[in-house]
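The block underneath contains the structure these notes are about, expressed in structure tokens.
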Amino acid sequence: MSPNLARTVEKRGQGNGAASVAGYLARLREDGAEAAALARALRVTYSDFFRNPLAFAWLEQVILSAFVEGTERAARGEIRVWSAACAAGQEAWSVAILLDERVEGREPRASYRVFATDVSEPDVDQARRAVYPAAALGNVRGRHLGGAFVRQGDAFSVIPRLRAQVEFSVYDLLGPGTTCPPASIYGDFDLVLCSNVLLYFRPEVQHRVLGKLRRSLAPGGYLIVGETERPIVEGAGGFRAVAPVASVFQKRKG
Ligand SMILES: C[S@@+](CC[C@H](N)C(=O)[O-])C[C@H]1O[C@@H](n2cnc3c(N)ncnc32)[C@H](O)[C@@H]1O
């Protein structure tokens, strides 16, 4: 048992009046509500704007330029992005800020959509509200703060132009059946970000999720994972690393 799991199980067991960990585990088998509460307590939802600076630098300098300037994707009419474990929206807004900056003022203006999902409903609600305290925006550059947010008292609110391009929904990466969030209708993403979530899954689940993400990508589409998750993707196959150090991958053919 990981230290975090052991600590949380012990704390919830005590809070529920269980005499021992074994007693609490026995109760979990019968009490679905407590099992769901434990699952929520175990979920790590920390996120940040422009977390993973190396990957965002690649995104900004290499990938997004290619999307917008390369005729192939722009000709399709829409750049499609999926932020697959978006927490309270920080990752989705970070990508949208960079895309908006790229397409703004260009003629013809390339359009983009960001589909952002998370299994946690409260986080998705917070992402939709799109209002963040100043302390949460330390990684956001001055020009982005001025261009993508408006001040609302002590907080900052994402501007309507960006809000119109980002759609949040609840989606469980481990759920059966679908390859992509239903909100996106058909997937076919140019870019999927799935950062700092694979590491919490068992190897066979990591492979299953990576297979799903791969199927959701358009040919030649890109995948970004967390820095520490690079070996997981390298070991799974189906992707080639495109950056020497950043955790940025491209879908292989076949
Ligand atoms: C540590 S946060 C990472 C957030 C963001 N991707 C980042 O890199 O900053 C992990 C997120 O994964 C979400 N998550 C965990 N299990 C999930 C699942 N089965 N399907 C979708 N999201 C999941 C959690 O709710 C949480 O918001």
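With a 1.4 Å probe and all protein chains left in place, how much of the accessible area of region 153-254 comes from carbon and sulfur atoms, in whole percent? Can you show the working numbers first?
Working: 2670 of 4660 Å².
That share works out to 57 percent.
Among Val209, Gln126, Ala164, whose Cα sits farthest toward the positive end of the charge dipole of the chain (+1 at Cβ of Lys/Arg, -1 at Cβ of Asp/Glu, about the Cα centre)?
Val209
Length gain on complete extension for the stretch Ala26 to Val242, per 0.36 nm per residue less the alpha carbon to alpha carbon distance? Please report the intermediate quantities before stating the final value.
Details: separation 216, 0.36 × 216 = 77.76 nm, distance 4.74 nm.
Stretched fully, the Ala26-Val242 segment lengthens by 73.0 nm.
For Phe189, list long-range residues whose amide hydrogen, built 1.01 Å from N in the peptide plane, is under 5 Å from its own amide hydrogen.
Distant-sequence amide H within range of Phe189: Leu217, Ala218.
If you line up the long axis of helix 21-30 against the longest principal axis of the chain, both from Cα atoms, how many degrees apart are they, to the nearest 10?
For helix 21-30, the angle is close to 70 degrees.
Over all alpha-carbon pairs of region 121-254, lay out the pair-distance distribution in 5 Å bins, whole %, shortest bin first.
Calculated P(r), rounded to whole percents: 2, 9, 16, 18, 17, 16, 13, 7, 2, 0, 0.
Roll a 1.4 Å probe over the protein chains and send me the accessible area per residue for region 53-251 in Å². Don't jump to the answer; show the numbers that get you there.
Numbers: 8600 Å² over 199 residues.
Each residue of region 53-251 exposes 43 Å² on average to a 1.4 Å probe.
For the chain, modelled as a GNM with alpha-carbon contacts under 10 angstrom, which of Ala183, Ala88, Ala164 fluctuates the most?
Judging by the Gaussian network model, the answer is Ala164.
Taking Cα atoms of the chain, Rg/Rh with Kirkwood Rh, to two decimals?
Rg/Rh for the chain comes to 1.00.
Using DSSP to call loops (not H, G, I, E or B), can you name the trypsin sites (Lys or Arg not before Pro) in region 209-254 whose Cβ has at most 13 other Cβ atoms within 10 angstrom?
For trypsin sites (Lys or Arg not before Pro) across region 209-254 that sit outside H, G, I, E and B with at most 13 neighbouring Cβ atoms in 10 Å, the list reads Arg252, Lys253.
Can you give me the angle between helix 3-15 and the longest principal axis of the chain, using Cα atoms only, in degrees from 0 to 90, rounded to the nearest 10?
With both axes taken from Cα atoms, the answer is about 50 degrees.
Full extension from Glu204 to Glu78: what is 0.36 nm times the residue separation minus their Cα-Cα distance, to one decimal in nm? Mind showing how you got there, number by number?
On the way: separation 126, 0.36 × 126 = 45.36 nm, distance 3.35 nm.
The span from Glu204 to Glu78 would gain 42.0 nm if fully extended.
Using θ = phi - 60° and the Karplus relation 6.51 cos²θ - 1.76 cosθ + 1.60, list the HN-Hα couplings for region 228-241 in order, rounded to whole Hz, with x at every Gly or Pro.
6, 8, 3, x, 5, 6, 4, x, 7, x, x, 9, 10, 6
Would you mind checking the tilt of helix 32-42 against the longest principal axis of the Cα atoms of the chain, expressed as 0 to 90 degrees and rounded to 10?
Relative to the chain, helix 32-42 is tipped by roughly 60 degrees.
In a solvent-free Debye calculation with one equal scatterer on each Cα, what is log10 I(q)/I(0) for region 3-42 at q = 0.33, 0.35 Å⁻¹, listed in the order of the q values?
Log-scaled intensity ratios, in q order: -1.28, -1.34.
Return the long-range amide H neighbours of Tyr112 (sequence gap of 5 or more, or a different chain), with a cut-off of under 5 Å between placed amide H atoms.
Here the answer is Ile79, since their amide H atoms fall under 5 Å of that of Tyr112.
The values are calculated or read from the model by the stated rules, or taken from the named source; none is laboratory data. Just so we're clear, the structure is a prediction, and the values are computed from it rather than from any experiment. Reconstructed Cβ throughout: ideal geometry from the backbone, glycine too, with neighbour counts over all protein chains shown. Heavy atoms of the whole protein, side chains included, go into the accessibility calculation; ligands, DNA and RNA do not. Shrake-Rupley method; radii C 1.70, N 1.55, O 1.52, S 1.80 Å.
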